[in-house]
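Report on one structure; see the data block that follows.
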2 protein chains.
Amino acid sequence: MKPKNETVRRQIIDAATDLIIETGIAGTSTVKVAKRINGAQSNIYSYFKSKEALIAGVFDYHQKLITATLAPALEDATSPKALITSVASALFEFATTHPTSIQIIAAFRAQPSLRHQLPAIDENDVFTKLFGLFRRYQQDGLIKPIPAEFLAEATFSIIVDYCNAKLAGEAYTSALDETTVAQLIADLVLLRA
Amino acid sequence: MKPKNETVRRQIIDAATDLIIETGIAGTSTVKVAKRINGAQSNIYSYFKSKEALIAGVFDYHQKLITATLAPALEDATSPKALITSVASALFEFATTHPTSIQIIAAFRAQPSLRHQLPAIDENDVFTKLFGLFRRYQQDGLIKPIPAEFLAEATFSIIVDYCNAKLAGEAYTSALDETTVAQLIADLVLLRA
């Protein structure tokens, strides 16, 4: 059952993305996606063989977008601080240009029971590279000796918290800029000099 | 339309909680809640006058549970570090004993568009007290001069990340204990000595 048509595949992903945002992961089904693109459910199944595969496909699509944004940020890194600064600034940029992707990824992260259905993080080249950089800096005593995966999780959460608070129009965000948030993340990740 | 019966009110909250976890906030309705408790939709309306009021009621219920757990942690605080340690340990305890409440609160936080429907944080005595403590320590130069609300958001997110990673059985959590996570939060919140 190889995907036959990239345009249709994207239509399915886009419709499923909208449905997840409107009605949650549980509220999304291949029937509803088919209805939304005026297609047959059997047509969806030639791209995604189950609801689980469709849901994983949506996550994978948005994760690929975010890692494509992160990839160049990893190239610039000449120090742990430069790495944190460029990762944070890439994530802020991504959150502004792709608010939907941030909401989808956050929705998946909020449901630990779904994680086993999703692509493993170490299958992703960009995360593998990021964690490798973290471990190298840890060996050099520059980054805290804490699992790189958790430092990455916490970094992502702090950025999402900031972007959500701005989106929600929280008054306090006017007293908080991206540079300050990036410095908070640096304090979290880097060993004190 | 005053609530007539606390037991029925709790049944409604519990059924709505389960529905939100199973099908998301968007997938929850007064009709579905009525069906689940074998009651009439009109009966739900005598406790909550709309779906929005019901959703806000569910959030309020779980937020009261979490703030009741936090309240004694604020009493113990003799220093900013002691405050962070006791808040973190209260939240870890709460996440273990009330995983459902954590999931509900996280689901609401992931949807910035809902925030204006929810009770404002400064209407809550415990948060008012926590933010007051943060501001006092900020005046003393012990806590970073960053909006207390954001420091609290980030603290909550890091704890939820850790609890979710454990719930999901992420291998790296075996190399990460609650004390280390609490220390990360202290590094985030406290000014470097």
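The values are calculated or read from the model by the stated rules, or taken from the named source; none is laboratory data. Everything numeric in this text was worked out from a predicted model, so none of it was measured. As a convention, Cβ positions derive from the backbone with ideal geometry for all residues, glycine included, and neighbour counts pool all protein chains shown. Note: areas computed on protein heavy atoms with side chains; ligands, DNA, RNA excluded. Shrake-Rupley method; radii C 1.70, N 1.55, O 1.52, S 1.80 Å.
Worth pointing out:
- Residues that are under 25 Å from the mean Cα position of the chain (by Cα), open to solvent by less than 30 Å² (accessible area, probe 1.4 Å), among the hydroxyl-bearing types (Ser, Thr, Tyr) and not assigned by TED's automatic domain parsing to the domain that holds B:LEU118 do not occur anywhere in segment B:65-73.
- 1 or more residues open to solvent by 50 Å² or more (accessible area, probe 1.4 Å) and more than 12 Å from chain A (Cβ to nearest Cβ): qualifying helices (runs of 4 or more DSSP H) within segment B:119-190: B:125-139, B:178-189
- Of the residues making up segment A:138-179, those that are over 22 Å from the mean Cα position of the chain (by Cα), closer than 25 Å to B:ALA148 by Cβ and of a type in the set (A, V, I, L, M) are A:ALA171, A:ALA175, A:LEU176.
- Matching entry among B:VAL58, B:VAL31 (being assigned to a helix (DSSP H, G or I) and open to solvent by less than 20 Å² (accessible area, probe 1.4 Å)): B:VAL58
- Single residue of A:VAL87, A:VAL160, A:VAL126 found to be modelled with pLDDT of 90 or more and closer than 30 Å to B:ALA120 by Cβ: A:VAL160
- Residues being in a helix (DSSP H, G or I) and open to solvent by less than 60 Å² (accessible area, probe 1.4 Å) - total across segment B:104-117: 9
- Options B:SER89, B:SER42, B:SER101: the member that is closer than 30 Å to B:THR180 by Cβ, more than 13 Å from every other protein chain (Cβ to nearest Cβ), in a helix (DSSP H, G or I) and open to solvent by 20 Å² or more (accessible area, probe 1.4 Å): B:SER89
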